[in-house]
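Bear in mind these aren't lab numbers, they're just calculated from the coordinates by the rules spelled out. Keep in mind that this is a model prediction, so the values were computed, not measured. No Cβ is skipped: glycine too gets one built from the backbone with ideal geometry, and neighbour counts run over all protein chains shown.
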Amino acid sequence: MALTATMYRFTIQLSDVDRGVYETFELHVARQPSETAEYMLTRVLAYCLEYTEGIALTEGVASGDEPAVLVRDLTGRITAWIEVGAPDADRLHRGSKLAGRAAIYTHRDPAMVLNQLAGKKIHGSDDIRVYTFGRGFIERVAEIVPRRASLSLTITERQLYLDVDDQSFSTTVEERSVG
C-alpha cells in the first residue's frame, strides 16, 4: 500500500519589512512521505520570503520537473523558479533559463550546495542566490511544528523572527551567489 502525503495547515501572518509585504494567508502543505520536516519547513519559509502575486507551492519532492515554489505572471508564464534543498545543476539551469530568475533556499550546508554546483553550466549563475538560515534554526523549528499552526513571520534587515503558536525563534537569512 502506497503512503500518502500528510497535510499541514498554516495560518501565516507575514510582515516582510525589507520588501514592504504585509499579508495574512492560509497555506496548505502536502508533506510527501519521502520529504523531511526540514525540507517542508524550508519550502514554507521560501514561499513566505518570496511571497508575491502569482506564487504557488508545488508538490515538493513529488513535483517532478517543477521547483518547490514558483511564481507565474497573469499570462501563466513562470517568472521565478525557487528550488529547495540541494538541486541538480541541470534542473537549476533549465529553471533559470525558463523563468529568468532563480533562487535556492536550503536547510543543508551552503558550502556543500555551492560545491555541488561549482563548475557546472548554469544559466545566469551569477544572479542566482542561495539563501540559508542560521545553524540549527530549521532543525529546532521542524522538531516542534504541528500539523495545524499559526505562524507569525517578520523579516527586517535580513533578520527572521518566527513565532509558531507560543514559541519564538530567530535567525539571520544568509545570502550567497551560485556564480
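Looking at the chain alone, DSSP beta bridges between its own residues are antiparallel in about 70 percent of cases.
Between amide H atoms placed 1.01 Å from N, distances below 5 Å from Ile128 occur with Val178, Gly179, all of them 5 or more places distant or on a separate chain. Here is the list for region 10-75: trypsin sites (Lys or Arg not before Pro) lying in DSSP coil, each with at most 15 other C-beta atoms within 10 angstrom of its C-beta, are Arg19.
Looking at (i) 40, 21, 13; (ii) 24, 19, 17; (iii) 22, 17, 17, which value of semi-axes √(5λ) of the Cα gyration tensor in Å comes from a calculation on the structure shown? Recomputing semi-axes √(5λ) of the Cα gyration tensor in Å here gives the entry labelled (ii). Could you work out which residue, out of Asp73, Asp166, Asp90, moves most in a Gaussian network model of the chain, that is, has the largest mean-square fluctuation with Cα springs under 10 Å? Most flexible of the set in this elastic network: Asp166.
Per-residue ellipticity at 222 nm from helix content only, as computed over the chain with -39500 (n - 2.57) for each DSSP H run of at least four residues, stands at -6500 deg cm²/dmol. Which residue, Ala46, Ala80, Ala89, tops the fluctuation ranking in a GNM of the chain built on C-alpha contacts under 10 Å? Checking each option, the largest mean-square fluctuation is seen for Ala89. Between region 36-93 and region 149-171, what is the separation of their alpha carbon centroids in Å? Between the Cα centres of region 36-93 and region 149-171 lies a distance of 21 Å. Note on the chain: with a GNM built from Cα contacts shorter than 10 Å, the maximum mean-square fluctuation among Ser150, Ser96, Ser34 falls on Ser34.
Give the order of Asp88, Asp16 when sorted by the count of other beta carbons within 10 angstrom, beginning with the fewest. Walk me through the numbers on the way to the answer.
Working: Asp88 12, Asp16 18.
Ranked by crowding around the Cβ, least crowded first: Asp88, Asp16.
Scanning the chain for GluC sites (Glu not before Pro) in DSSP loops with at most 10 neighbouring Cβ atoms within 10 Å leaves 54-156 as the longest stretch between them.
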